[in-house]
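Here's the structure, in structure tokens; my notes come after.
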Amino acid sequence: MNKEERSLDNATKERYQKSQLRIESGLHAQEEYAAEIAVPQARMNRRDESTSTVSDEEVAELVEAVTRNKAVGYVALFVALASLFVWPVLLGISGIILGVIAFVMGNKSIGSWSVVLGLIAVAAYFLLIPYYS
């Protein structure tokens with residue numbers, strides 16, 4: 001084997017390893033996981049597999065959007081938790097609405113918890129109010 005064939009063999013081996021990693025990690029399926037904490041990456045062109053860099057402005061915009069989305073989710077969760085103890089109807093419905101907004105903005109788990117806790121608070125209020133009057 002001469003030097004040129006070895007370098008071609010190493011390049012082929014490296015390309016195979018990269019494609020295998022892409023397949024095993026699910027990157028070939030065009031799906032996105034853990035968008036809240038993932039580092040932004042440039043989209044790869046099917047014909048050209050070289051990566052391009054992401055500008056600092058795009059990274060700053062993404063970080064700001066993720067932070068804003070998380071803030072809405074945590075506020076929704078706080079309101080839903082507070083509805084279990086104080087003003088269950090008012091805060092429960094507010095928690096449900098904010099939870100849906102957080103869910104739509106991308107915080108699916110926090111939004112879901114907020115909706116569930118808000119529903120529990122409202123349902124418990126209407127089920128228990130006859131016993132207090």
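The values are calculated or read from the model by the stated rules, or taken from the named source; none is laboratory data. Since we're looking at a predicted model, the values are computed, not measured. Positions of Cβ are backbone-derived with ideal geometry, glycine not excepted, and every protein chain shown enters the neighbour counts. For the accessible areas, the whole protein counts, side chains as well, though only heavy atoms, and no ligand, DNA or RNA atoms are used. Shrake-Rupley method; radii C 1.70, N 1.55, O 1.52, S 1.80 Å.
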*Compute the FRET efficiency between residue 123 and residue 78 as 1/(1 + (r/R0)^6), taking r as their Cβ-Cβ distance and R0 = 25 Å, and round to the nearest 0.05.*
0.80
*Assuming 0.890 mPa s and 25 °C, estimate D for the range 92-133 with Stokes-Einstein, Rh taken as the Kirkwood radius over Cα pairs, in µm²/s.*
234 µm²/s
_Quick one: the Cα spread of the range 50-133 along its three principal axes, in angstroms, biggest first?_
69, 20, 13
*Just by accessible area at a 1.4 angstrom probe, what is the order of 84, 127 from largest to smallest?*
127, 84
